[in-house]
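Any read-out appearing in this document is the output of simple, stated calculations on the displayed coordinates, not a laboratory observation. Given the structure is predicted, the values throughout are model-derived calculations rather than measurements. Using ideal geometry, Cβ is built from the backbone for each residue, glycine included, and neighbour counts are taken over all protein chains shown.
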Amino acid sequence: MRVALTGGAGYIGCKLSEQLLNHDYEVVCIDWLKHGIQPVLHLIDRKNFHLHKVDICDPIVDKLIDQVEAVIHLAGIVGFPACDKEPELAHRVNIEGTKRIIDASKNKPFIYASTGSVFGKLNKACNEECEAIPTSTYGVHKLTGEKYLKGKDAVILRPATAFGVSSVLRIDLLVNYLTFKAVTEGKIILFEKHFKRTFLSVNDLARSFRWALEKYDVMKGQIWNVGDIRLNCTKLDIANIIKNKVDCELIINDEVSHDKDSRDYFVDYSKIKNIGFEATETLEDGIENLIKVYEAK
């Protein structure tokens, strides 16, 4: 199968590109290469990998998608800090670009990367039926994409927050960031220590998109939380795991509200577990690998 993958050279995308190739898919990678070509350089000599340096708002996207059988849409300005830093760019890419990709895909199988951030701050375990009340621009953008897909046969995935090592090393993600601070500065300053969060390794997250493609007939037309109940934890839980592996100081700051996204929730993953998806990597696995990378820098 020939698959268009937007954002295929990003943090998750470079992992997914490789996974798809390893499972005999042909990959049309559409990415503006913000991080350069390095994340997918090792894939360039794979005959079924086709790299296109293209902004998803460019009309040429329509022609590229015409040539494929399915679409996975990862591309976007990700996270509330990036969206708040460049709001006009974020709106253009996340709203206008997403609409272009959806419109160009017509009736092709379509898998959309939404986010658990659409839940905002809910004091209960969130399943797919819970009302989405995003509190950040990023969450609003992703929910808008979901609304564009209403009534279509798309698979909408709401992933947990990713963590772990990738060719694009995102230090801004919570687990990655706290581990980085512990290794490089010898201390972790923790805000909102009891906020509940949910996580999934970048490898398992990439696998979930390939998995949705393979189970498309079962999953189409629905929203799916993507993660594993075993990786629901508080921010303090994460800090303590890191502290057990790195000699560092843990400083608790209860005076400052820090997370503009207001994510404070556990997520119910029973729906996707019931059709066979579970995490294969733990927080400990990911943190140990991050420590190796940060100690080597």
Please quote Rg/Rh for the chain to two decimal places, taking the Kirkwood radius as Rh and restricting both calculations to Cα atoms. 0.95
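Between Ile189 and Thr280, how high is the FRET efficiency from 1/(1 + (r/R0)^6) when r is the Cβ-Cβ distance and R₀ = 35 Å? Nearest 0.05.
Working: r = 31 Å, r/R0 = 0.89.
With R0 = 35 Å, the Cβ-Cβ based efficiency is 0.65.
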If R0 is 30 Å, what FRET efficiency do you get for Glu96 and Tyr216 from their C-beta distance, rounded to 0.05? 0.70
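Say the cut-off is 27 Å between C-alpha atoms; which of Lys150/Lys196; Lys34/Lys152; Lys152/Lys215; Lys15/Lys108; Lys85/Lys152; Lys142/Lys235 go over it? Each step should come with its number before you reach the end.
Working: Lys150/Lys196 29 Å; Lys34/Lys152 31 Å; Lys152/Lys215 16 Å; Lys15/Lys108 23 Å; Lys85/Lys152 32 Å; Lys142/Lys235 24 Å.
From Lys150/Lys196; Lys34/Lys152; Lys152/Lys215; Lys15/Lys108; Lys85/Lys152; Lys142/Lys235, over 27 Å: Lys150/Lys196; Lys34/Lys152; Lys85/Lys152.
I'd like the FRET efficiency for Lys106 and Asp24, computed as 1/(1 + (r/R0)^6) with the beta carbon distance as r and R0 of 22 Å, rounded to 0.05.
Numbers: r = 25 Å, r/R0 = 1.12.
So, using R0 = 22 Å, E works out to roughly 0.35.
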Taking the chain as the reference, fit the longest principal axis to its C-alpha atoms, fit the long axis of helix 202-214 to the helix C-alpha atoms, and give the angle between the two in degrees, 0 to 90, nearest 10. 30 degrees
Under the Kirkwood approximation for Rh and a Cα-based Rg, what ratio Rg/Rh is obtained for the range 1-86? 0.97
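Which of Tyr148, Tyr25 comes first, and how do the rest follow, when ranked by fewest Cβ neighbours within 10 Å? Can you show the working numbers first?
On the way: Tyr148 17, Tyr25 23.
So the residues, fewest neighbours to most, are Tyr148, Tyr25.
Could you order the peptides 161-170, 277-286 from most to least packed, using the average number of other C-beta atoms within 10 Å per residue? List each step's numbers first, then the result.
Working: 161-170: 21.5, 277-286: 17.5.
Descending packing order for the listed peptides: 161-170, 277-286.
When the chain is fully extended, how far beyond the present Cα-Cα distance does Leu236 get from Lys34, taking 0.36 nm per residue of separation? Don't skip to the end; give the middle numbers.
Working: separation 202, 0.36 × 202 = 72.72 nm, distance 3.28 nm.
Contour length minus the Cα-Cα distance gives 69.4 nm.
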